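Student: Quick one: structure below, then a few questions.
Just so it is clear, none of the values below were taken in a lab; they were calculated from the coordinates. The structure displayed is predicted, hence computed values, not measured ones. In this analysis, Cβ positions are derived from the backbone assuming ideal geometry, glycine residues included, and neighbour counts consider all displayed protein chains.
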Amino acid sequence: MKLKFDFILGKKINLIFLLLISFLIKSFIAYYIVNLQKCNKLREIEGIIAVKEGDTNSYIEPIENLITKGEYYFTYKAKFFEEKLYASRLPHYGLIFGFFRLFFSHTASCNLLVLLQILLEATSVLLISLLCFEILGSYIFFWISWFLLNLNLSSVFWSIAILPESLSISFLTFVVYFTYKYEKTKENKFLMYSSIFLSILVCLKPYFLPIYLYYPISFLLQKEKITIRKFTYKSFLLVLPLIVLLAPWIIRNYYVLNKFIFLQQDMLAGYKFTKTHIAMGNFVKSWGGDNVYWEVTSPSHYFLYDDDYSRKYQFPSYAFCSAYNADTLANLRKEVLKFYAKNQYDEQLDNYLASKFNFFTESFKSENFFHYQFIARLLTLKGFLLHSGSYFLPINKNLPCYKSYQFLLKVMQSAIYYLFLVVGSIGLITMFLKKEYYFSPLVLILLSYVIFFFAFYLRTYEWRYIWTVFPLLCVGLLFMLNSLVNLQIKIKK
């Protein structure tokens, strides 16, 4: 039985109505999560619905300083370090906050930014649902995807945060949707839309810059032969928005800092860490451990903190080699904790501790080269992808505001995560191989790129990076559902 899709979506006002419904659903969820965090005292809440995270100040403080002091900079503060950073982050995310800040208070501007993020998230839900409908050609898939994506709380978690994560998820969706439209119709207006959204995405998350390579390659691989003139024109359309967005920033950096900085000053956004911290992270990564030090169950946390979690931590057997054992590492931890307990920076001690970590890393690498190069990366991949999928929800039996019904939310989000990740990934791969339905391989490339870049190249467990691509896995999930339905019909016949 077919739904009367034209009746529901035939007019523009009905699309706007659905957008409004998604916005209201997401806003209600956002308000609920914020109040859970406030009740459990887990985050600093700015106003009603905005949440400050660890990196928030690096994005909005420069704009605040520009408005109030006339100078664009961010003051980085950490143990032993305090420094003014003039090109820490690209300014584009902060400029959105800055627009609101021209008319409203700091707190109101943060909350308006969050509402904008929720609105764009709701728009991305609508576009993915339309994408599923256009690819699979059945109205029911629009509604299934729309329903599932509105129940996805992970995107809402990032929408309430004063960070570019939420906008990155939304703009990546816009890129994929209009790339699909371009490859289907070959109309340059859709390529232009894609390039505009891709340029914004790169300004929010510079590590997406290599995705630009997909387009000229796709121009050359298309069935119809392309002339040099057309190739040049399309390439110009592709890069023009990025040039427009980056040119003022590059000129400003040269004027202020007397050097060319195209994106940000370095991969760490100017954040300063001791040599001990960096060497410790490399040591942990060498055997496949978690280098995200704020995760209380990680070996990085073990070395840097003295709490119940770190005192209970035990290294896996594969982490050792002849140069050190558990007792050796425990003694090194004591030295590291003494170093960080000092009021003044001790460069000599920092060099000494870093050299010990570096020696252990090289020792492990020389004795376990295959593990270092391959097994450790696979362990990182496992940690990067295989987690609860609902860790972001402030729901735990040990928290003061826990209610028994909240456990169902955790289970639902874990189910959605693995349904999207496993079935959705299989669906994308199957679509690419079988080519029964036309769909750009861009989503599969994006998923592969994010996994390779963070899990294999950077060797990090940091889970937040997978969420950017996550909602788009819905397309692969619904393809598999459609395949299952078609298989059942064939069996009945």
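Student: How many times 2.2 N^0.38 Å is the alpha carbon radius of gyration of segment 178-295? It would help to have the intermediate numbers written out before the result.
Tutor: On the way: Rg = 19.6 Å, N = 118, 2.2 N^0.38 = 13.5 Å.
Here the Cα radius of gyration is 1.45 times the empirical estimate.
Student: Tell me which of 451, 250, 316 sits at the most positive position along the dipole axis of the chain, charges placed on C-beta atoms (Lys, Arg +1; Asp, Glu -1).
Tutor: 451
Student: Once phi is turned into θ = phi - 60°, what whole-Hz ³J(HN,Hα) does the Karplus curve with 6.51, -1.76 and 1.60 give for every residue of segment 275-282, x standing for Gly and Pro?
Tutor: 4, 4, 4, 5, 5, 4, x, 5
Student: Could you work out the equivalent-ellipsoid semi-axes for segment 52-197, taking the square root of 5 times each eigenvalue of the Cα gyration tensor, largest first, in whole Å? Don't skip to the answer; put the middle values down first.
Tutor: Numbers: eigenvalues 249, 60, 35 Å².
Output for segment 52-197: semi-axes of 35, 17, 13 Å.
Student: Give a residue-ordered list of calculated ³J(HN,Hα) values for segment 47-60 (Karplus: 6.51 cos²θ - 1.76 cosθ + 1.60, θ = phi - 60°; whole Hz; x for Gly, Pro).
Tutor: Each residue of segment 47-60 in turn: x, 9, 10, 9, 10, 8, 10, x, 9, 3, 4, 5, 9, 9 Hz.
Student: Roughly how large, in nm² to one decimal, is the mean projection of the convex hull of the alpha-carbon atoms in segment 132-232?
Tutor: Numbers: hull surface 31.4 nm².
Its average projected convex-hull area is 7.8 nm².
Student: Any number yet on Rg/Rh for segment 377-493, C-alpha, Kirkwood?
Tutor: Here the Rg-to-Rh quotient is 1.07.
Student: Give the Debye-formula value of log10 I(q)/I(0) at each listed q (0.26 Å⁻¹), with one equal scatterer per alpha carbon of segment 118-188, two decimals each.
Tutor: Summing over Cα pairs of segment 118-188 leads to -1.13.
Student: Now for a different question. Rounded to the nearest angstrom and ordered from largest down, what semi-axes does the equivalent ellipsoid of segment 298-353 get from its C-alpha gyration tensor (root of 5λ)? Before the final figure, lay out the partial values.
Tutor: Details: eigenvalues 94, 45, 11 Å².
The answer is 22, 15, 7 Å, longest axis first.
Student: Same structure, new question: As an exercise, use a Förster radius of 60 Å and the Cβ-Cβ distance of residue 404 and residue 224 to find the FRET efficiency, rounded to the nearest 0.05.
Tutor: Values: r = 60 Å, r/R0 = 1.01.
Efficiency at R0 = 60 Å is approximately 0.50.
Student: Could you give the dipole magnitude of the chain about its Cα centre, charging the beta-carbon of Lys and Arg +1 and that of Asp and Glu -1, in debye to the nearest 20? If you can, show how the numbers build up before the last one.
Tutor: Details: 50 positive and 31 negative charges, 309 e Å.
The calculation lands at about 1480 debye.
Student: Among 210, 472, 137, which residue has its Cα furthest toward the positive end of the charge dipole of the chain, with +1 on Lys/Arg Cβ and -1 on Asp/Glu Cβ?
Tutor: Farthest along the dipole direction, towards plus: 137.
Student: Separation between the residue 213 and residue 106 pseudo-spin-labels, each 7 Å from Cα along Cα→Cβ, expressed in nm?
Tutor: 4.2
Student: Follow-up question, since we're still on this one. Relative contact order of the chain: what whole-number percent is it, with Cα pairs under 8 angstrom and at least 6 residues apart? Spell out each step's value before the answer.
Tutor: Numbers: 614 pairs, mean separation 77.1, N = 493.
Reported relative contact order: 16 percent.
Student: Sticking with this one: Over all directions, what mean area does the Cα convex hull of segment 281-440 project, stated in square nanometres?
Tutor: On the way: hull surface 56.9 nm².
Orientation-averaged projected area of the Cα hull: 14.2 nm².
Student: From the P(r) of segment 25-137, can you give the percent of Cα pairs sitting at distances over 22 Å? It would help to have the intermediate numbers written out before the result.
Tutor: On the way: 2952 of 6328 pairs.
Tail fraction, whole percent: 47.
Student: If I take R0 = 22 Å and measure r between the Cβ atoms of residue 349 and residue 267 in this structure, what FRET efficiency does the formula 1/(1 + (r/R0)^6) give, to the nearest 0.05?
Tutor: With a Förster radius of 22 Å, E is 0.25.
Student: Turning to a different aspect of this structure: Take the alpha-carbon positions of the chain, form their convex hull, and give its projected area averaged over all directions (one quarter of the hull surface) in nm². Please list the in-between numbers first.
Tutor: On the way: hull surface 113.5 nm².
Average projection, Cα convex hull of the chain: 28.4 nm².
Student: Okay, moving on. Within 15 Å, Cβ to Cβ, of residue 33, how many net charges do the neighbouring residues add up to if Lys/Arg are +1 and Asp/Glu are -1? Don't jump to the answer; show the numbers that get you there.
Tutor: On the way: positive: 26, 38, 41, 43, 52, 403, 410; negative: 44, 46, 53, 121, 165.
That works out to +2.
Student: Hey, another quick one. Provide Rg and Dmax in Å for segment 413-464, with only Cα atoms included in the calculation.
Tutor: For segment 413-464, the Cα-based Rg and Dmax read 12.7, 36 Å.
Student: Placing +1 at every Lys and Arg Cβ and -1 at every Asp and Glu Cβ, with all other atoms neutral, what dipole size does segment 302-371 have around its Cα centre, in debye to the nearest 20? List each step's numbers first, then the result.
Tutor: Numbers: 8 positive and 10 negative charges, 26 e Å.
So the magnitude is around 120 debye.
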